[in-house]
Every structure is written in C-alpha cells, then in structure tokens.
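Here is the structure we will look at.
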Amino acid sequence: MWEGPAWSIHALECGSTHRAQAHLLDTFLETPVSLQPGSESIIRDQDTVQGSRQPEADSQQPTGGLQSIGHVGKGFVALCMAVWVFGGRLGLRGRLGACRLLCLRFQSRGPQGEEDGDKLQSSSKAPKIPKIYTKTGDKGFSSTYTGERRPKDDQVFEAVGTTDELSSAIGLAMEFITEKGHTFAEELQKIQCTLQDVGSALATPRSSAREAHLKHAAFGEGPITELEQWIDKYSSQLPPLRAFILPSGGKSSSALHFCRAVCRRAERRVVPLVQMGETDANVAKFLNRLSDYLFTVARYAAMKEGSQEKIYKKRDV
C-alpha cells in the first residue's frame, strides 16, 4: 500500500493535458487510473489514494497497479511522480519512457536488493496438510460407511481390521516375491485392491444401509471366478500333493503361507456377519477361495525357486 508524500499526487492538476497524462499513467500501471474533476486526487479501482494509508480491507483486493508495487511503493511512486512533475522538457513520451525504465529496474530487484531468483515467494501460502488423527475414536467408537457409530470391538470392525491385516501381510510377502521376479506379483497387487472392496462391503452393514450404500459397496462374483482361474493355472504346473506340507519352501513361500493363515482368520470373522445378514455371502466366498489361491502360489513359488517343501511326519509314540 503506497504512503508516498502528498505533493506527488497534488501536483497533478485537473485539465485536458493532465487527463492525457493520467491516461498514459493508466497504461503504464496496467490498472484504471483517472483524475477526479474538481479535486486533487487520483481515483483507482474506486479507491481514493491521497497520500494516506488505505483501509486494511483494501489489502484483500487483487494485486495490480499501485497496489502491486508492494515494498517499493514509497520510492518507486515518488520517483515516477517526480519524473512527471519536473520532467516537462522530456514531453509526455519521454516521461512515460523514464517511468518504464524505473519499473524494469524495480522489478528486477527484491527487498534489500535481492534478485528475483534469490527471493522467496512469500505471497504464496503453503498448502494446508490435513492431520492424520481426528480424535473421533478416542472413546472406543468408530463409524461405519452408513454413518452408524459402533464400538471398535464390534464384529464389523473385527472383520474389517482382519481384512486390513491380510492386505498388509500380502504386501510384506510381495517384497520377497518381487525380489525373486515371480510373475504372480501383479495378481497379488490386484488382490490387495479387491480386499479394499471387501472392507467397504463389510463396513456397510445391511441393517443400517440405504439403497445407495448397498449399490456403492456391492461385491459381485467376478473376483471369485478370477481366483479360481488363477488356481487352476498354477495347479496344473505343480506336482501332485500326496502329503500334508508344512509352511516352508523359502522366504516367498513361507510368507504366502502366513498370508493364507491370516486369510482363514479373516474368513472366520466374516462368516458370522453373513449369517446375520449384515454382509454379502460373496465376501466370505472370496476369502475362502483366496486362502486356496495363497496355498497354491506358495507351493508354486517354492517350486520355481527350487526350495524343498517340508512334509508333515507323524511322531512315533
């Protein structure tokens, strides 16, 4: 906001010649500037600049013209006005050219003489980062997708949490699988995405869901069919299973066996919800089929890596 000396504005008198000068100044500053008839003021954007501080509300207006001068307002405007008042011999075009040179000079320098490339863009506000914690669950309750508040140990959240645990276990197993270059890593990532859909279906209990909720969180048979196709593909490449095997066969295989065990637990958490009519039966079917898939690819990984699977042997009494 400019606070320059009053004489620099008062020296511009109203008249036809000075109106032309005001028009040129308007062009130079790239903002509407005019002389108010019968006064000694410059009107800009319906605000009167008279050498005194503008109201604080004016600082919220878009920058431009006199406002855009910012920290160099006193020096820059005063010099420009001096050129206009005392540069009579230069003529209108000469005075305008001198002001443009001053503008270029001030634009290339920042506060304390800094170059544009060296100064920080203080006017740009840093984006507000949302906090990860909400404190809404501090009393032991959480919300379902339908907006219903339930205790955190509710069967719905037990099932949702175990499904999330399963996805995390698969993510850990994928680190070992990717290192070995197994091609089914992409399938596991797709399964993780499907588990997100499982969580959505579980978090939408039918007892409090509206039709829009059920439509959004519906879980179809497509993922189940896809798992069966993958199981058949890998089973056809494996040697026949003639004995119980223990979780073993290298890091990739053992990690997948761990995922299978977590998947069985997730299925046990979901079955009661299906029986109560709170979730779709396809969710339980998917988890049942997923445990079979994880068992199959665990054996497949051991075979591809040349790792020996350990066979169960009954102890002699």
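No lab work stands behind these numbers, since they all come straight from the coordinates. In this text, all values refer to a predicted model and were calculated from it rather than measured experimentally. Reconstructed Cβ throughout: ideal geometry from the backbone, glycine too, with neighbour counts over all protein chains shown.
Listing for the model above:
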quantity: Asp153 versus Ser207: modelled label distance in nm, points set 7 Å from Cα along the beta carbon direction; calculated: 1.8 nm
quantity: Stretch gain in nm, segment Lys125-Glu165, where the contour uses 0.36 nm per residue and the Cα spacing is subtracted; calculated: 10.6 nm
quantity: Within region 211-317, chymotrypsin sites (Phe, Trp or Tyr not before Pro) in DSSP loop having at most 16 other beta-carbon neighbours inside 10 Å; calculated: Phe244, Tyr312
quantity: Projected label distance in nm at Thr225 and Asn288, using a 7 Å step from Cα toward the beta-carbon; calculated: 1.9 nm
quantity: Theoretical FRET efficiency, 1/(1+(r/R0)^6), r = Cβ-Cβ of Leu172 and Lys310, R0 22 Å, to 0.05; calculated: 0.55
quantity: Estimated distance in nm for a label pair at Ser200 and Lys251, the labels positioned 7 Å out from Cα along Cα-to-Cβ; calculated: 3.4 nm
quantity: Efficiency of FRET between Thr136 and Ser236 - r from beta-carbon atoms, R0 45 angstrom, step 0.05; calculated: 0.35
